[in-house]
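What follows is a short report on a single structure.
The values are calculated or read from the model by the stated rules, or taken from the named source; none is laboratory data. As the structure is a computational prediction, the values presented were derived from the model and not from experiment. Note: ideal-geometry Cβ built from the backbone for every residue, glycine included; neighbour counts use all protein chains shown.
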C-alpha cells in the first residue's frame, strides 16, 4: 500500500439502528453520548471527510443500514461502494434478535469486499455492550466474536466490544486509526527514543480533535501500571473536560482545546501539551521537580524541531517514510 | 451547647473567639472519644421515643462540645428527591442512576468525614416526626440546617403546608436552626415557569409564617436540580453558613485573589465538590463548572497513575501537595492547588500574562495554604494543650 496516499476510504456498515452514526458523531463531531438521541436514521450513504493527523484524511462512508439500502449496496452499487476500501467497520448490535440474519448480511458484505478490495482491513464492533449485565459481558462478547470470525472468509478481523457510554468506544476507534496512520513506525521510533532520553514512564500521543490515542510508548516500570484501559480513559476524561471548557467559554467543542497542562503530585508528574499541529503529547514522569522541568524543556525543543519540519512543507512535521531518522532526538538537552 | 453558637458567630458575639472554634476542632480529631460514641449510639434509634422529658433548654452538657457534629436534615414529602440529592452530592452517584434508588423507609444517617465532620440525615417522606412519639431533641438537638426539598414539578401545596408546620415547631424550640428550602427538579421547567413557581412558593411560606407571627424567619430558598451544578451550589451555601471562620476564610481568599489577579477563586472540598468558601465576587456559574470539572479531571487522572510499586522511584525532591494548572485555548488558566487532605484551592485566571508569573502565583498560594492551616489548627492545638 502506498503510504503517501492521503485519502483513505472507510466504510461504516451494519444493521439499521446498530449505532453507526452515533459513534461517528461522538468520535468525530464532538457530540456527547446523550446528544445522539437527536440523530435520525441515515438515508443511503452519508459521506464525510475527517482530517486526522494532518496528512491523513478519512473519507467516511456512513451507510444507512435498512434492508432496502443494504440490497442496493450489494447489487446495483456494488462496485461503487466496495472498490478502493481501506477499512470496513462493521457494527453489530449485541441486542439483536436475528443473529443468523445479521451474520448472513455480514457474510454478503465480506464477499463483496473480497471481490473489490481484498486488502482492506476489517474491524467488527460488537456495540451497545452497556446493555449487557457486567458479569456476562466478556462471555457473550467472546461467543459473538468467534461467530463473526467464522463468517469472515480470509479476512483477519479485529473485534472490539464497545459502548458509547464508556471508554470502550475510544479503545475501538484508537485501534482502528492506529492501523491507518501511514508513517506510524517512524513516529513510534521517535517516541521510543524520546521517552528513553527523558526517562518517562509513559509517553502518549493523542490526536488533537478526537483525543484518540495515536500511539504510545511505555517504559518497563510504566508497564507495571495495573490499569490497562488507562489510555481510553484518558481520552474520555480529556474530551469530557474539553466539552466543559467549550460550554463555559462560549465556543464550539471543535475549536476548544488545551494549550498546556501541568500536574504535579507526590506520585507522578504529568505534562500535556500541543506537540504538532494535530497532536497532543502526554508525558508521565516520576516525581522530581528538576527532572520534570527538564522533560518539559526537552519536549519543547523537540516540538520546535517538528514545527521547523512542518514549515518546510512536510505536512505534520512527522517525516514521511521511507525511514528518515528524526534529527531532533539528537539535539536534546538532558 | 454545640450548635446554635455557630450561627451567632457571624454576628458580634463576645464568645466568638472560642466557642465556634471548639466545634471545628473536631475535624482534626481522628479518634472518637467515648462521649462521642455514646452520643452516636443515642442518636441511632429514632423510634426509641418517650425520653423527651428532658428540659429542652439544657441541651447537651458542655463537656460534649468537642463531639458536636453539625447535622443536616433532608426532609420533604416522599418522592421529592431527598435521597437522590444525598447520593449525588455525597456519594458521587451519576444523576441518571438515581432513578433506580429505592424509596427510603428509615432514617438514613451518613457521616461525612471531611474538612469538618458533619452528618447528613435523610428522612423518609412519610415519617411523622412531629408526633409526640418522636423525640424532637434527638432530631433537632444538634442540628445545623434543615434542608426541605420541594418537588417543583409536582403539586407543592401539601409540602408547603407541612414545611410551615415544621418551621413553626422548630422555631419554637430551636431558633438557631437554618431552614433551607430546595425547590427541586427545576430542570424540567421552562425558565418562566421556574421563576413563577419560585415566587409562588416563597410567597406562600412567608405569608403563612408572618400570619403566625414570625416576621423574619431564617428561611432561604434555592432552585436546584441534580442534573446540573445547582444542587452543589446550593449545598455549598448551606454548608458555608455552618462554618464558623467563614469570614476569615473569605478575607484570606479575597486578599489572595486580588493580589494574584484571579478572576474567581474557590476553596473546594475535594470529595463532595462543595465549595466551603470563595472570594466575594459574584458567583459565576461558568467558572464554577470549569473548576469543579477540573477537579474531576485531576482526580481521575491521579487514579490512573497513582499505583504503588517498589520499582517506582522518585527522581528528586518535590513538594508534597499536588499542584496543577491548565491553559485553555482562549488563554484562560485554571489553577489548582491541594491545600490539605480535604481541601483544594481552584482559581480561574483570565490574564494571558499569568503564564510567566506562575512561580509568583504558586508562592502566594503556598502562603495562603499556611494561613489556612493556621485558621483550622490553632484552636485545636490550644485545646489539646488545655486538656493536657
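For every residue, the table says whether it meets (1) part of a strand (DSSP E or B); (2) modelled with pLDDT under 90; (3) in contact with a helix residue (DSSP H, G or I) (Cβ under 6 Å, 6 or more places away or on another chain); (4) under 25 Å from residue B:303 (Cβ atoms).
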residue	(1), (2), (3), (4)
B:220	yes, no, no, no
B:225	no, no, yes, no
B:228	no, yes, no, yes
B:262	no, no, no, no
B:265	yes, no, yes, no
Being surrounded by 13 or more Cβ atoms within 10 Å (Cβ to Cβ) and closer than 23 Å to residue B:85 by Cβ: is that true of residue B:200 here? yes
Given the residues B:191, B:211, which is the only one that is out of contact with any strand residue (DSSP E or B) (no Cβ under 6 Å at 6 or more places or on another chain) and closer than 30 Å to residue B:96 by Cβ? B:191
Take the conditions modelled with pLDDT of 90 or more and outside the structural domain of residue B:375 (by TED's automatic domain parsing) and apply them to residue B:232. Does it pass? yes
Condition (residue is at pLDDT 90 or above and out of contact with any helix residue (DSSP H, G or I) (no Cβ under 6 Å at 6 or more places or on another chain)) applied to segment B:167-178: is it met by at least one residue? no
Return yes or no: is residue A:122 assigned to a strand (DSSP E or B), buried (at least 21 other Cβ atoms within 10 Å of the Cβ) and touching a helix residue (DSSP H, G or I) at 6+ places or on another chain (Cβ under 6 Å)? no
Being assigned to a helix (DSSP H, G or I), modelled with pLDDT of 90 or more, on the phi < 0 side of the Ramachandran plot and out of contact with any strand residue (DSSP E or B) (no Cβ under 9 Å at 6 or more places or on another chain) is true for just one of B:254, B:258. Which residue is that? B:258
Look through A:275, A:271, A:318 and report the one residue that is away from chain B (no Cβ under 14 Å), at pLDDT 85 or above and within 27 Å of the chain's Cα centre (by Cα). A:275
Are there any pairs, at least 6 apart or on different chains, whose C-beta atoms fall under 8 Å, with the first in segment A:196-225 and surrounded by fewer than 18 Cβ atoms within 10 Å (Cβ to Cβ) and the second assigned to a helix (DSSP H, G or I), and if so, which? A:197/A:298; A:197/A:329; A:199/A:291; A:199/A:295
Looking at segment A:169-185, which of its residues are touching a residue at least 60 places away in the same chain (Cβ under 8 Å), assigned to a helix (DSSP H, G or I) and within 16 Å of residue A:56 (Cα to Cα)? A:173, A:174, A:176, A:177, A:179, A:180, A:185
Flag if residue A:109 is surrounded by 15 or more Cβ atoms within 10 Å (Cβ to Cβ) and outside any helix (DSSP H, G or I): no
What number of residues within segment A:31-66 satisfy the criterion of being in a helix (DSSP H, G or I) and without any contact (Cβ under 8 Å) to a residue 12 or more places away in the chain? 4
Pull up segment A:224-244, narrow it to residues that are outside any loop (DSSP other than H, G, I, E, B) and more than 27 Å from residue A:289 (Cβ to Cβ), then point me to the one that is nearest to the other protein chains (Cβ to nearest Cβ). A:244
So residue A:135 clears everything in (1) modelled with pLDDT under 85; (2) surrounded by fewer than 19 Cβ atoms within 10 Å (Cβ to Cβ) except one condition, right? Which one? (1)
Check on residue A:282, within 11 Å of chain B (Cβ to nearest Cβ) and surrounded by 21 or more Cβ atoms within 10 Å (Cβ to Cβ): yes
Subset of segment B:80-95, residues assigned to a helix (DSSP H, G or I) and either over 21 Å from residue B:223 (Cβ atoms) or modelled with pLDDT under 85 (or both), comes to B:91
Looking at (1) modelled with pLDDT of 80 or more; (2) surrounded by 14 or more Cβ atoms within 10 Å (Cβ to Cβ), which is the only condition residue B:134 fails? (1)
Residue B:143 versus (1) in contact with a strand residue (DSSP E or B) (Cβ under 7 Å, 6 or more places away or on another chain); (2) at pLDDT 90 or above: which is the lone unmet condition? (2)
Count, please, the residues in segment B:72-108 that happen to be within 19 Å of residue B:233 (Cα to Cα) and surrounded by 18 or more Cβ atoms within 10 Å (Cβ to Cβ). 15
Give the residues of segment B:211-248 that are surrounded by fewer than 21 Cβ atoms within 10 Å (Cβ to Cβ) and farther than 26 Å from residue B:153 by Cα, sorted by residue number. B:211, B:212, B:213, B:214, B:215, B:216, B:240, B:241, B:245, B:246, B:247, B:248
Which listed residue, of A:78, A:149, A:101, is in contact with a strand residue (DSSP E or B) (Cβ under 9 Å, 6 or more places away or on another chain), surrounded by fewer than 17 Cβ atoms within 10 Å (Cβ to Cβ) and over 30 Å from residue A:237 (Cα atoms): A:149
Answer yes if at least one residue in segment B:96-104 is more than 23 Å from the chain's Cα centre (by Cα), closer than 19 Å to residue B:159 by Cα and free of Cβ contacts under 8 Å to residues at least 60 places away in the same chain, and no otherwise. yes
When you scan segment B:114-131, how many residues do you find that are surrounded by 14 or more Cβ atoms within 10 Å (Cβ to Cβ) and assigned to a loop (DSSP other than H, G, I, E, B)? 10
